[in-house]
1. Per residue, how big is the convex hull of the chain when only Cα atoms are used? Give it in Å³.
2. Around I27, which amide H atoms from residues at least 5 apart in sequence, or from another chain, sit under 5 Å from its own amide H, with H modelled in the peptide plane?
3. Where does the charge balance sit around W103 when Lys and Arg score +1, Asp and Glu -1, over other residues with C-beta under 14 Å from its C-beta?
4. With a 1.4 Å probe and every protein chain left in place, work out the accessible area per residue of the chain in Å², rounded to a whole number.
5. Relative to the present Cα-Cα distance, how much length would full extension add between S30 and E88 at 0.36 nm per residue of separation?
6. Provide the per-residue ³J(HN,Hα) series for segment 72-78, in order, calculated from phi with Karplus coefficients 6.51, -1.76, 1.60 and θ = phi - 60°, each as a whole number of Hz, with x at glycine and proline positions.
7. Under a point spin-label approximation (7 Å from Cα along Cα-to-Cβ), what is the T57-S102 distance to one decimal in nm?
8. When the accessible area of segment 5-113 is computed with all protein chains present and a 1.4 Å probe, what percentage of it is carbon and sulfur?
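The values are calculated or read from the model by the stated rules, or taken from the named source; none is laboratory data. None of the values given here were measured: they were computed from a predicted structure. Cβ sites come from the backbone with ideal geometry, for glycine too, and all protein chains shown count toward neighbours. The area values use the complete protein model at the heavy-atom level, side chains included, leaving out ligands, DNA and RNA. Shrake-Rupley method; radii C 1.70, N 1.55, O 1.52, S 1.80 Å.
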Amino acid sequence: QLHVVESGGGLVQPGGSLRLSCAGSGISFSSRNMGWYRQAPGKQRELVAVITTAGITNYVDSVKGRFTISRDNPKNTLSLQMNSLKSEDTAVYYCNPVPAHSWGQGTQVIVSS
């Protein structure tokens, strides 16, 4: 059974950076297309970054050039480097396969001055 634990969120000023991490058990991240999702207050959860089994990455337009998704296969972890953060990036961030299976607790990111 899939179990993921996200970490690395926090409060950051606009223009700042954060690096999110996700540790997983129950599946091999390298065998699935993996993604970072986020859910902002009052909005639906959205997929913001994907890394395929072949290592190809894709991003929603709003984060292109600012976010970088990566995967460490031996450690079975997924990361999201977030730079030039904006207030609209404020959300709870989740990692999961694409399509999603079962959600973890997520990690809260707040971008505010």
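1. Values: hull volume 9.9 nm³, N = 113.
Cα-based convex hull of the chain, divided per residue, equals 88 Å³.
2. Result for I27 returns H3.
3. Working: positive: R38, R45; negative: E6, E46.
Residues near W103 contribute 0 overall.
4. Working: 5850 Å² over 113 residues.
Computed with neighbouring chains in place, this is 52 Å² per residue.
5. Details: separation 58, 0.36 × 58 = 20.88 nm, distance 3.02 nm.
Between S30 and E88, full extension yields 17.9 nm more.
6. Here the 3J(HN,Hα) series is 10, 5, x, 8, 6, 10, 10 Hz.
7. That separation, rounded to one decimal, is 3.0 nm.
8. For segment 5-113, the apolar C and S fraction of the accessible surface comes to 48 percent.
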